[in-house]
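Please treat every number below as a calculation from the coordinates, not as lab data. This one's a predicted model, so the numbers in the text were calculated from it and none came from an experiment. Counting neighbours? That spans all protein chains shown, and the Cβs are built from the backbone with ideal geometry, glycine included.
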Amino acid sequence: MSQTQTLPLRAIAHARAGDKGNTSNISLWVNDPAHFAAVREQVTADAVKRHFGAQVQGTVTRHEVPHLHGLNFVLTAALDGGVNGSLNLDGHGKSWSFILLDMQVKVETGTL
Amino acid sequence: MRIGCGAGFSADRLDPAVDLARDGALDALVFECVGERTLAFGHRDRRADPQAGYNTLLQTRLRAVWPLTAASGCRIVTNMGAANPMAAGRAAIAVARECGLRGQSVAVVLGDDVTSLIDADTPLPLSGCNVGDVGRDMIGANAYIGADAILPALETDAGLVIGGRLADPSMFLALLRHRFGWDAADWPLLGAGTLTGHLMECGAQITGGYFADPGHKDVPDLAFVGYPIAEVRADGTVTITKLPQAGGMVTTATVKEQLLYEVHDPARYLTPDVSADFSGVQLTDHGGDRVGLRGASGTTRPETLKVTVAFDGGLLAEAEVSYAGRGAADRARLAAEIASTRLQRVHGVTEDLRTDLIGVRSLHAHADHGLPVAETDVRLRVAGRFESRERAEAVLWEVESLLCSGPAGGGGFRGRITPSIVTHDAFLPRGDVPTRIEVLTA
């Protein structure tokens, strides 16, 4: 059996957040294609929804861009009303890529 | 064709745009400067002064770049006209005269302002109601207009094309259609040109801006990050690069992050011009800050145009005070309780109040990352949105009064009241939004 190690996504991936109204999208890209399968399996739409908790009042949808080793998460009703209505200091949710990158994933030690 | 991006948002920097205008050997330089907020504030400015409502940096930018682009034959395309493109055109002519650019023309693109077409019965489908149900004063409404509206301006000899809510990628696509003669219904090519526009429209976000994470993603000379250049070929393929002497970098990582920035379904990115498909895009890192892209496509454009309808959102009041040392977070929590209680009981505030403990938990109140928190340098922020100025001022007053009457060791009060807007999306049939151009000459 191979050994696994639990790491924050930031150790193996990068991400960028954007907004449209009250919807946030966060794209997630693994640095090493060897980690894509593990990330694709573990960082599901449901897992992301749980990670963000009550911040996401709507749904989380995942789109895949497998040939570029990327995933795109769309979080609806997730910006406290959006940039023009939110009382959050970061009404755009620009900082949220790093909330996602705090998620823990298990990867095989041999792939690190 | 070489196209540069001289601004990715209304307040973007000037010096990288000047560098591109001087050294970029560009055919065109695009300044993308309109967002939902900037447009709404433009409408408000225009109400107060009929000659206002366009980007306040318009003249500063033109003075710095237009003499350079006029000399090299590079065209400028911009949506800095915001809520008042005609006044922006006249202001541009004044700059041309001041800079000795006699004979230069400005083509103004008009027709995006659809305020007069919106009434209480206009549906806001994404909000599940009509305009009248919003219960706020409408400030203005603008349709996102596309390359079709910009092309007639490019067919004149104008060195500057200026409009209002020109859709961000459409400014680039119009330049490409004009240069390469792409058919208005060649959806795969229009999708490819839209990819170029999409990658370029946020300026430095593809050259190393909005990217650096020290130790994980380092970016060279970020203080002088350059703006991007797109080298586009007639088949729609593109290479993204930057000036060699500029800071920042263009890598597959910076390009990938921008590829899906503000995109939902990568196979269906809707603009006024096309339903673009980025799902099959292939990237090639050529090294030396050059990344090539091919494989973008597209299908038929949407039947309707998106319209941003802006409403008066009242006043956003924000007030802050800081606590330091051991127990700082507990004192900030106590202060938050006091301020909230007094705003409700003494000032009759019924609106939602948000309290943040900056340094402990603020941006994302719901996350529990299990990360250690120092809790020795905490700033309380109290925020609310109000129709009444008196209540907005009460937020500042109650937080400031914590200095003498609140927990121990509170200092560094700051407060501000900012006019606020609310936006909703409507959709109009294309036929309801005729556009035209007007040419002014210096």
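Once phi is turned into θ = phi - 60°, what whole-Hz ³J(HN,Hα) does the Karplus curve with 6.51, -1.76 and 1.60 give for every residue of the stretch A:60-68, x standing for Gly and Pro?
10, 10, 10, 10, 10, 10, x, 5, 9
Can you divide the C-alpha Rg of the stretch B:29-155 by 2.2 N^0.38 Å and report the result to two decimal places?
Relative to the 2.2 N^0.38 Å estimate, the stretch B:29-155 comes out at 1.20.
Around B:G163, which amide H atoms from residues at least 5 apart in sequence, or from another chain, sit under 5 Å from its own amide H, with H modelled in the peptide plane?
Under 5 Å from the amide H of B:G163: B:T78, B:N79, B:M80, B:G81, B:V109.
Given R₀ = 60 Å, FRET efficiency for A:T109-B:E98 by Cβ-Cβ distance, to 0.05?
In this case the efficiency is close to 0.35.
On average, how many beta carbons from a partner chain sit within 10 Å of the beta carbon of a residue in B:354-366?
4
Which FRET efficiency, nearest 0.05, do A:H67 and B:A11 yield, Cβ-Cβ r, R0 35 Å?
Using R0 = 35 Å, I get an efficiency of 0.45.
Most fluctuating residue of B:A158, B:A40, B:A82 in a GNM of chain B with Cα springs under 10 Å: which is it?
B:A158
Among B:R385, B:R345, B:R233, whose mean-square fluctuation peaks in a Gaussian network model of chain B (Cα, cutoff 10 Å)?
B:R345
Quick one: which residues, 5 or more positions from B:K242 or on another chain, have an amide H under 5 Å from its amide H? H modelled 1.01 Å from N in the peptide plane, none for Pro or chain starts.
B:I229
Using alpha carbon coordinates only, what is the Rg to Rh ratio of the protein assembly as shown, with Rh defined as the Kirkwood radius?
Dividing the radius of gyration by the Kirkwood radius yields 0.98.
Could you grab the relative contact order for chain B? Cα pairs under 8 Å, six or more apart, rounded to a whole percent.
Computed over chain B, the figure is 18 percent.
Who wins for biggest fluctuation among B:L195, B:L58, B:L117 in a Gaussian network model of chain B, springs between alpha carbons below 10 Å?
Maximum fluctuation in the GNM of chain B, among the listed residues, is at B:L117.
Please report the equivalent ellipsoid semi-axes of chain B, computed as sqrt(5 x eigenvalue) of the Cα gyration tensor, largest first, in whole Å.
Each semi-axis is the square root of five times an eigenvalue, giving 41, 27, 22 Å.
Could you work out [θ]222 nm for chain B from helices alone, using -39500 (n - 2.57) per DSSP H run of at least four and dividing by all its residues? Round to the nearest 500 deg cm²/dmol.
-9000 deg cm²/dmol
In sequence order, what are the phi-derived ³J(HN,Hα) couplings for the stretch B:198-213 according to the Karplus relation 6.51 cos²θ - 1.76 cosθ + 1.60 with θ = phi - 60°, rounded to whole Hz, with x for glycine and proline?
Working through the residues one at a time gives 4, 5, 8, 5, 9, x, 5, 5, 10, 10, x, x, 6, 9, 5, 9 Hz.
Evaluate the relative contact order of the stretch A:4-111 (contact order divided by residue number), counting alpha-carbon pairs under 8 angstrom at least 6 apart; express in whole percent.
Contact order relative to length: 41 percent.
Would you calculate the separation in nanometres between label points at B:D133 and A:S95, each defined as 7 Å from the Cα along the Cα-to-beta-carbon direction?
Modelled inter-label distance: 3.4 nm.
Give, in whole angstrom and from largest to smallest, the semi-axes √(5λ) of the equivalent ellipsoid of the stretch A:4-111, with λ running over the eigenvalues of the Cα gyration tensor.
26, 13, 12
Among the lysines, which have Cα under 24 Å from the Cα of B:K242 when same-chain residues fewer than 8 positions away are ignored?
Counting by Cα, and skipping residues close in sequence, B:K242 has these lysines nearby: B:K217, B:K256.
Given A:L7, B:T308, B:G132, which one lies farthest toward the positive end of the charge dipole of the protein assembly as shown, if we put +1 on the Cβ of every Lys and Arg and -1 on the Cβ of every Asp and Glu?
Checking the options against the dipole of the protein assembly as shown, the answer is A:L7.
Pop a pseudo-label 7 angstrom from the Cα along the beta-carbon direction at both B:A234 and B:D330 and give the gap in nm to one decimal.
7.6 nm
Using only Cα atoms, locate the centre of the stretch B:390-410 and the centre of the stretch B:267-321, then give the distance between them in Å, rounded to an integer.
For the stretch B:390-410 versus the stretch B:267-321, the Cα centre distance is 42 Å.
If one takes the longest principal axis of the Cα atoms in chain B, at what angle in degrees, from 0 to 90 and to the nearest 10, does the Cα axis of helix B:168-180 lie?
Its long axis makes an angle of about 10 degrees.
Just need the relative contact order of the stretch B:309-425 here, percent rounded to a whole number, with Cα pairs under 8 Å and 6+ apart.
Worked out over the stretch B:309-425, it gives 49 percent.
May I ask for the angle, rounded to the nearest 10°, between helix B:328-345 and the longest principal axis of chain B, with both axes built from Cα atoms and the value confined to 0 to 90°?
90 degrees
Rounded to the nearest 0.05, what FRET efficiency do B:D218 and B:A408 give with R0 = 51 Å and r taken as the Cβ-Cβ distance? Could you check?
For R0 = 51 Å, the calculated efficiency reads 0.75.
Rounded to the nearest Å, what's the spacing between the alpha carbon centres of the stretch B:177-237 and the stretch B:32-55? Just the number, please.
The two parts, judged by their Cα centres, are 27 Å apart.
Run the simple label-point estimate for B:E303 and B:D186 please: 7 Å along Cα→C-beta, distance reported in nm.
2.7 nm
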